[in-house]
Amino acid sequence: MSHQSIREAGQSRVTVGIFSPSLFKQLGRKCVPVLWACTSLAIFVGFWEFAWWQGWANPLLLPPPHIFLANLSDQFRFFDPNGSRAGALSQGGSIWSVLGVIGWSSLRVTVGLALGFVLSLAVGLAIRYFSIFGKLTLPLVTMLAPISPVAWIPVAVFIFGIGNPPAIFLVFIAIFFVMVLATLSQIDAVPVHYIQLARIMGCSKRQIYRHVILPTILPGLFVTLRMNLFAAWMVVLIAEAVGVGSGLGQVTMMARNTFNASLVFFTMTLIGITGFAFDQALRQVQRRVLWWVGPTNLQGL
């Protein structure tokens, strides 16, 4: 066989590998959730547009998507990419201005979530690991958990002033106490025979917590974290409207004060899309961090 024929045979095998049926099946499985999401959104938008067409929705109070998305350049000028102010820009804005504001809000949520998750996990493990620490800390955590994060806004402003720190602090508060209690609940729910088997194998208390309890509770804690992700977004929007002075929350508050319904719904659309993207990203992080959990166990989450 000549070199030319060998080279052509190799290229044909590569081509077949690229366009193999298994590859199309994988792409199909990944596209199905996207199609369902688009269908769900299309039904909602279609009903909204139908309500406007029938005259059920006042376009001044409830403008449909084709109205508040009609003049995007006019909406863009209310977004400052530097994240230091909120108001109409005299020179106009762009999509980069919108992405800049989304980036600042996303940064506050990400940092607050990361700090809240790590510290709550550490405190929850320490409460069960160290008996004296648990007896001193658990009553305080239980007492502070019912306090709404909104009630912490004056405290955050008094301590951190105006800017990013109070918003991050409020996101941290929104999930910290809940995640501590969830960690304790997950630890108490670890099957007893797991611990008994580890003791029979000669594991120390530290090894049991590191190699038995921690891998067992992490899947449930990630689910709890994803459920509190939406609460974190609610809190950061309130914080931005009150104690930050910029971000998606401040733009929404400014739109409400100026009775700009189109800007309100445009900003709400951005918040919904960003929150959905955060949930999908956290789901991917969950799958990669919990590598010992089979994909079938995470399929319905």
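The values are calculated or read from the model by the stated rules, or taken from the named source; none is laboratory data. Everything numeric here is computed off the predicted structure, so don't read it as measured data. Don't worry about glycine lacking a Cβ; one is built from the backbone with ideal geometry, like all the others, and counts go over all protein chains shown. Heads up: the accessible areas ignore ligands, DNA and RNA and are worked out on the full protein's heavy atoms, side chains in. Shrake-Rupley method; radii C 1.70, N 1.55, O 1.52, S 1.80 Å.
Any residue in the stretch 144-161 that's in a loop (DSSP other than H, G, I, E, B): show its pairings with residues that are open to solvent by less than 60 Å² (accessible area, probe 1.4 Å) at Cβ separation under 6 Å, as long as the two are six or more apart or on different chains.
Between residues of the stretch 144-161 that are in a loop (DSSP other than H, G, I, E, B) and residues that are open to solvent by less than 60 Å² (accessible area, probe 1.4 Å), the close pairs are Ala145/Phe177.
Could you list all residues from the stretch 162-197 that are outside any helix (DSSP H, G or I), over 30 Å from Val101 (Cα atoms) and open to solvent by less than 50 Å² (accessible area, probe 1.4 Å)?
Val190, Pro191
Quick one: what pairs do we get from the stretch 41-62, first residue of a type in the set (D, E, K, R), second in a loop (DSSP other than H, G, I, E, B), C-beta under 9 Å, 6+ apart or different chains?
Every condition considered, the pairs that remain are Glu49/Pro64.
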